[in-house]
C-alpha cells in the first residue's frame, strides 16, 4: 500500500512536470505565432512620397498647403523646400495663416515661422523639413518619411 | 508555500471558501466560483467513462472555443464591405502570417462542430438521456443546434466569393417559400431584395455578435441544467 502510494506520487509529479513543460512550449509558440499574425505583412497606407507637380506652380515667396498630404511647399529666394504640416506637439494638422504670415496649430496654439521655427506654444521641436527633389520628368517629389537634418533648398 | 499563498487576504478575498479539507469546503469552492458553479459539485465516476457520452458534448464545446478564438483573430483582418471582404479573405490566405492556418482551422472546426453536435444529439437520443427530468435540456440543445446551423449559414457568406453569394441567394430564396411571412423575412434578413452590401453587413453582425452571444447564453443554461437535472445520464438506474 505504502509502495503503491509512493509510485502514484512520483508518476503524478512526472505528469505535472511534463504537463507544465508542454504548456510552456505551447504558450511560447503561441506568443511567437500571435506576434507574427498581428504584424501586418502588407499595409494599405498612402505612399510617403508625394508628387507635387511642376515646381513652377509655386510662385516666389509663397507658402502652399497640401492638406491631403500634410505638407507645405514653400518657395523662397534660395529655392523651394517642403515642410511637414504635422505639429510636433501631438500630431494635429497645422494651418497656414497668410494674413499673419505664420503657421498655427488649432489644437494647442503652437505657432511657427514658414521655415518651421517655433514662435510660441507647447510644440517641443520645429516643424521638420522634408526630403525634396526634382525627378527625371521635372516634377517636384517630397518624401514625408525622411526629414532633413539641416536646411536644404531645391533650386530651379 | 501554496498553503501560505492561499491564506493571504488577497487570495481569500478572491476565493472565499477555505482549503479543500472538508466536503463542505470542496463543494463551496465549486459553488462560489462563477465559472465552476455551472459544473456539478460531485460527479459520478461512471459519468466520466468514455462509453457513456463519447465526450461528444465536450468536443462540441471544444470546437466552439476554437471557433471563438480563431474567429476573433480573423476579424482583425476582415472588413465586412463590398468588395473588400473578398480581398481581405484572399489576403488572409496569401499575405497574413498564419492567416491560412487560422482560416482553415476556423473552417474545419465549423464543419466538425456541426457534425459533433448532430452526433451528440443522436447519442443523447439513443441513450434515452432526453427523458424526464432532462426534457427541458433537450429543448435547450435543439436551440443550440439551431444557433450552430445559423452560425454556419451566416459564416458562409462572409468570404464574399461566388460560392458564398449563390449559396446565400439560394438559401434566402428557400426561406421566402415560407407561406405568408417568407418574402418579408427574406427582405429583413438580407436588408434588401438581393444579396448585397447590406446582407453582408447583417450576416457579419449576426455571425460575430448576435449568434455567438445567443450560443454563450444557451450554453450556460445547458451546462447549468446538467447539474440541476442530477448530472449526466449514465443509465445506471436501468442497468442495476
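Here, each number is a calculation from the coordinates, and none is a lab measurement. Predicted model only: the values in this text are computed from it and were never measured. Cβ placement follows ideal geometry from the backbone for every residue including glycine, while neighbour counts extend to all protein chains displayed.
Which ranges mark the helices (runs of 4 or more DSSP H) fully within segment B:83-201 that have 2 or more residues being touching a strand residue (DSSP E or B) at 6+ places or on another chain (Cβ under 8 Å) and within 14 Å of another protein chain (Cβ to nearest Cβ)?
none
With the requirement that a residue be surrounded by 15 or more Cβ atoms within 10 Å (Cβ to Cβ) and under 20 Å from the mean Cα position of the chain (by Cα), what does segment A:113-138 give you?
Here is the first cut: in segment A:113-138, the ones surrounded by 15 or more Cβ atoms within 10 Å (Cβ to Cβ) are A:114, A:116, A:118, A:121, A:123, A:126-132, A:134.
Residues satisfying the conditions are A:116, A:123, A:126, A:127, A:128, A:129, A:130, A:131, A:132.
Regarding segment A:68-80, can at least one residue be identified that is touching a strand residue (DSSP E or B) at 6+ places or on another chain (Cβ under 6 Å) and farther than 17 Å from residue A:153 by Cα?
First pass over segment A:68-80, keeping only residues touching a strand residue (DSSP E or B) at 6+ places or on another chain (Cβ under 6 Å): A:69-75, A:79-80.
Remaining after also requiring farther than 17 Å from residue A:153 by Cα: A:69-70.
Among the residues of segment A:68-80, at least one is touching a strand residue (DSSP E or B) at 6+ places or on another chain (Cβ under 6 Å) and farther than 17 Å from residue A:153 by Cα, which makes the answer yes.
Looking at (1) under 23 Å from the mean Cα position of the chain (by Cα); (2) touching a residue at least 24 places away in the same chain (Cβ under 8 Å); (3) surrounded by fewer than 14 Cβ atoms within 10 Å (Cβ to Cβ), which one does residue B:83 not meet, given that it meets all the others?
Unmet for residue B:83, out of (1) under 23 Å from the mean Cα position of the chain (by Cα); (2) touching a residue at least 24 places away in the same chain (Cβ under 8 Å); (3) surrounded by fewer than 14 Cβ atoms within 10 Å (Cβ to Cβ): (1).
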